[in-house]
Amino acid sequence: MIKDESVEKIIDESQQGSPLALENNDKNTRKLYIESYGCQMNFSDSEIVASILANEGFNTTQILEEADLVLVNTCSIREKAEQTVRKRLEKFNAVKKTNPGMKVGVLGCMAERLKSKFLEEEKIVDMVVGPDAYKDLPNLIQEIDEGRNAVNVILSKDETYGDVAPVRLNSNGITAFVSITRGCDNMCTFCVVPFTRGRERSRDPQSILEEVNDLWERGFKEVTLLGQNVDSYLWYGGGLKKDFEKASDMQKATSVNFAKLLELVAEAQPKMRIRFSTSNPQDMTLDVIESMAKYENICNYIHLPVQSGSNRILKAMNRLHTREEYFELIDNIKKIIPDCAISQDMISGFPTETEEDHQDTLSLMEYVKYDFGFMFAYSERPGTLAERKMDDDIPDETKKRRLQEIIELQQKHSLYRTQQHVGKTEEVLIEGTSKKSDTHWMGRNSQNTVVVFPKEHYKVGDFVNVKINECTSATLLGEAIAYSKNN
Ligand code: SAM
């Protein structure tokens with residue numbers, strides 16, 4: 001993956017595993033240390049967990065050694081993600097020796113995947129909680145307080161946590177995630193998500209709007225609507241997406257799809273920037289792109305993972321579109337929103353991938369010239385369709401070499417894309433101080449590219465028009481001209 005301050009769909013690499021903290025409540029007496037790994041969804045879930053535990057007498061701490069309860073929100077997407085968590089558990093084990101009262105809980109995808117095996121294999125773990133069971137945490141904590149191990153990994157048909165107001169952990173106070181769907185029905189053959197996060201369900205639009213309005217009231221200026229497959233969002237009064245067919249005529253007539261949801265959010269807060277992630281090519285429809293074009297506050301950026309450029313591999317991955325259909329979608333996006341940035345996820349070395357398939361991936365990238373990319377070597381995941389039906393037959397060196405070629409091409413395209421911004425004046429939302437210079441702000445333009453410029457009199461949360469003078473493959477460098485009209 002290209003790691004830079006600019007390309008973060010996935011949470012800022014530096015935040016992976018860092019303890020998340022929020023303001024203390026004086027009445028709370030117990031200390032919670034919570035770490036998150038993996039995707040934005042996990043970080044968003046940790047905010048729900050911290051909110052539930054704040055009502056159970058817990059304040060957050062960033063000091064592991066003083067914690068009464070340690071929670072680690074885990075990721076199973078690749079083997080390496082799981083290894084990282086296992087190493088952390090060893091560390092917790094060492095601390096437990098000096099603080100024997102400390103309890104350890106595993107949350108998220110790895111908890112769901114391994115279930116009670118965790119209690120047997122990792123003796124240090126006291127509690128295992130799957131992604132749909134966080135509301136049960138007060139009961140589970142009572143169990144472990146009384147000296148018993150506790151497990152709840154039941155996946156739900158309708159849990160969306162729509163009624164839990166998440167607290168904002170390690171927030172910059174400007175940008176926030178708002179989760180709109182949970183689970184995934186796509187069954188990509190490489191992917192563990194449908195097994196760890198369950199079937200797809202959508203959150204009540206009313207509760208989404210309330211959360212967005214509340215964020216605006218509290219000074220937030222940008223929201224990212226989150227889901228494994230946001231284009232598939234469908235609210236018809238609750239329940240699984242797959243049961244929509246059984247809904248009543250009334251429910252169908254008043255249902256809200258993703259394009260409609262985008263419009264509702266954009267209209268509710270016309271000065272708030274709206275982003276969303278992740279889109280799936282097979283579910284992204286033209287009405288979504290048209291809604292983006294219609295509202296200035298919906299950012300011109302789509303994260304549109306393709307995973308491979310080869311029709312044969314796309315089929316084997318159960319991605320339900322062809323390369324040609326993907327090109328058509330890209331052409332439509334560029335026709336309707338010419339300056340729309342597009343980013344990809346790509347996997348090298350999926351089972352049976354030939355050099356020719358790999359060349360198809362490179363030629364697809366050449367066609368699209370993505371602005372950013374998140375690129376991975378295939379990692380076989382237990383229980384997935386690919387693991388059950390196919391041999392992981394591409395040698396590691398080949399996977400790595402192909403991945404390197406993909407990364408190099410992406411870097412070339414990223415530079416090509418950033419160069420297109422030079423000379424233009426673009427609206428930037430200031431998020432904080434640049435990582436590299438205390439005298440410069442860091443923000444993003446509509447296309448999600450990082451822009452760095454001298455601070456002058458501007459402040460965090462301002463919308464500023466910035467003249468872009470220079471660029472690297474990942475960052476635009478410029479100077480502020482004036483506040484933008486959105487300010
Ligand atoms: N739901 C999104 C989609 O369908 O495109 C993203 C899911 S996943 C959380 C993020 C990315 O991890 C995927 O887009 C894929 O590129 C990568 N990924 C998932 N499973 C993988 C595996 N077994 N090996 C390597 N990369 C994987």
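The values are calculated or read from the model by the stated rules, or taken from the named source; none is laboratory data. Since the structure is predicted, the reported quantities are computational estimates derived from the model, not experimental observations. Glycine gets a Cβ as well: all are built from the backbone with ideal geometry, and neighbour counts include every protein chain shown.
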*Only residues in the stretch 60-87 that are farther than 22 Å from GLY101 by Cβ and in contact (Cβ under 8 Å) with a residue 60 or more places away in the chain count as the first member; pair them with residues that are more than 16 Å from the ligand (Cβ to nearest atom) and not aliphatic (A, V, I, L, M), Cβ under 8 angstrom, at least 6 apart or cross-chain, and list the lot.*
THR84/GLY17
*asked:* For the stretch 34-56, give me the residue count where each residue is among the small types (Gly, Ala, Ser), assigned to a helix (DSSP H, G or I) and touching a helix residue (DSSP H, G or I) at 6+ places or on another chain (Cβ under 9 Å).
replied: 0
*Please find, among TYR295, TYR236, the residue that is in contact with a helix residue (DSSP H, G or I) (Cβ under 6 Å, 6 or more places away or on another chain) and modelled with pLDDT under 95.*
TYR236
_Can you say whether ARG381 is of a type in the set (Lys, Arg), within 14 Å of the ligand (Cβ to nearest atom) and more than 21 Å from SER473 (Cα to Cα), as far as the supplied structure shows?_
yes
*May I ask you to list the residues in the stretch 192-242 that are surrounded by 20 or more Cβ atoms within 10 Å (Cβ to Cβ) and polar (S, T, N, Q)?*
THR196, SER202, THR224, GLN228, ASN229, SER232
*Got a sec? Which of LYS87, LYS115, LYS80 is at pLDDT below 95, under 30 Å from SER277 (Cα atoms) and within 16 Å of the ligand (Cβ to nearest atom)?*
LYS80
*Of everything in the stretch 60-80 that's of a type outside the set (Asp, Glu) and surrounded by fewer than 20 Cβ atoms within 10 Å (Cβ to Cβ), which residue is nearest to the chain's Cα centre (by Cα)?*
ARG78
*Count of the stretch 283-302 residues which are within 16 Å of the ligand (Cβ to nearest atom), closer than 23 Å to THR418 by Cβ and part of a helix (DSSP H, G or I)*: 0
*Pick out the one residue from ALA266, ALA247 that is of a type in the set (Gly, Ala, Ser) and surrounded by 18 or more Cβ atoms within 10 Å (Cβ to Cβ).*
ALA266
_If a residue counts only when it is within 16 Å of the ligand (Cβ to nearest atom) and out of contact with any Gly (no Cβ under 9 Å at 6 or more places or on another chain), which strands (runs of 3 or more DSSP E) contained entirely in the stretch 164-282 have at least 2 such residues?_
222-226
*Which one of THR254, THR189, THR181 is touching a strand residue (DSSP E or B) at 6+ places or on another chain (Cβ under 6 Å) and not acidic (Asp, Glu)?*
THR181
*Complete set of residues in the stretch 369-378 that are away from the ligand (no atom under 14 Å from the Cβ) and either surrounded by fewer than 20 Cβ atoms within 10 Å (Cβ to Cβ) or closer than 12 Å to GLU405 by Cβ (or both)*: LYS369
*Can you confirm whether the stretch 148-157 contains a residue that is touching a residue at least 12 places away in the same chain (Cβ under 8 Å) and within 15 Å of ASN229 (Cβ to Cβ)?*
no
*Can you pull out the residues in the stretch 137-178 that are under 19 Å from the mean Cα position of the chain (by Cα) and on the phi > 0 side of the Ramachandran plot?*
TYR161, ASN170, GLY173
*Name, by its number, the condition in (1) over 26 Å from ASN170 (Cα atoms); (2) at pLDDT below 95 that does not hold for ILE481.*
(2)
